[in-house]
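Down below is the structure, laid out as structure tokens.
What follows draws every value from the coordinates through simple rules; no lab data is involved. Since we're looking at a predicted model, the values are computed, not measured. Glycine also receives a Cβ, built like all others from the backbone with ideal geometry; neighbour counts cover every protein chain displayed.
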């Protein structure tokens, strides 16, 4: 009887041990099944032609809205829209009644001053009287010159007349036109023209005044215009992380006109940059964020990256990734940060 109980006890113990071993094996298999199988590829450093392209609109290099400083009647406008004008050319003659009066007063004061100055030199009048007439003469001369500038409106630049807002005989009023400026006519300088572009802050240390650029216009396909950086704005816009560059193009034949859409290509030469396969890049839904998964010791880590230009089947990584990191290029669809992974060939 005692022997039977011993045999039963041994059999029960064997069953328990067998079940325990089987459970451990199932747990091990479950853990193995939980590891995602992924394929990785190392990020790398390679020489890349660092060419960046930005868009903008063509603008006149300089624009002047020409008008007198006070309301006055227009006698004659000598130019029409589209006319080419030169610096200091007479464009508009305003009513000159006030100018004529000022000229008469100035001439009389100049005669009075000469007479009094002669009397002073022979000792007939005091210095104070001469000083008073000299002051009056300077005030009258300044007033006359100011009226002259506002009666004969001349072009301050070489350019082209782009708008005319009045006709002969009308009374000029300092009410803003559709352009937001109060003017009789407007003149633009089109030799050269300029293009304003907003450039990513990463290029701020690389751009220099006088640096050559290429300008392309959709209206002239397959044609490039030579330009150069004329002005670099000194601050970065915190909202867009960009800064503004002013590019000038000679435009000697006037083929380029304000308002045209332009693409500006900046060539910074060849630079060593980090590249990652396009298969590794994941776009966050609802945002413009991009990220990849890297693998270290069987653990996947999510890393947000900033991308540059595409180079073949890879992208330049501007930030967030170093060279020789193992980046997941297949199997990352269901990965989470710190997921356990198994590498496959």
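When you look at residue 152, is it touching a strand residue (DSSP E or B) at 6+ places or on another chain (Cβ under 7 Å) and over 15 Å from residue 62 (Cα atoms), yes or no? Judged against the criteria, residue 152 is a match. Only residues that are surrounded by fewer than 17 Cβ atoms within 10 Å (Cβ to Cβ) and over 12 Å from the mean Cα position of the chain (by Cα): list them for region 231-259, please. Residues satisfying the conditions are 238, 239, 250, 252, 253, 254, 255, 257, 258, 259.
Can you tell me how many residues within region 147-194 are assigned to a helix (DSSP H, G or I) and without any contact (Cβ under 8 Å) to a residue 60 or more places away in the chain? Adding up the residues that qualify gives 3.
Counting only strands (runs of 3 or more DSSP E) that sit completely within region 27-145, those holding 3 or more residues that are within 26 Å of residue 160 (Cα to Cα) correspond to 44-66, 74-77, 90-94.
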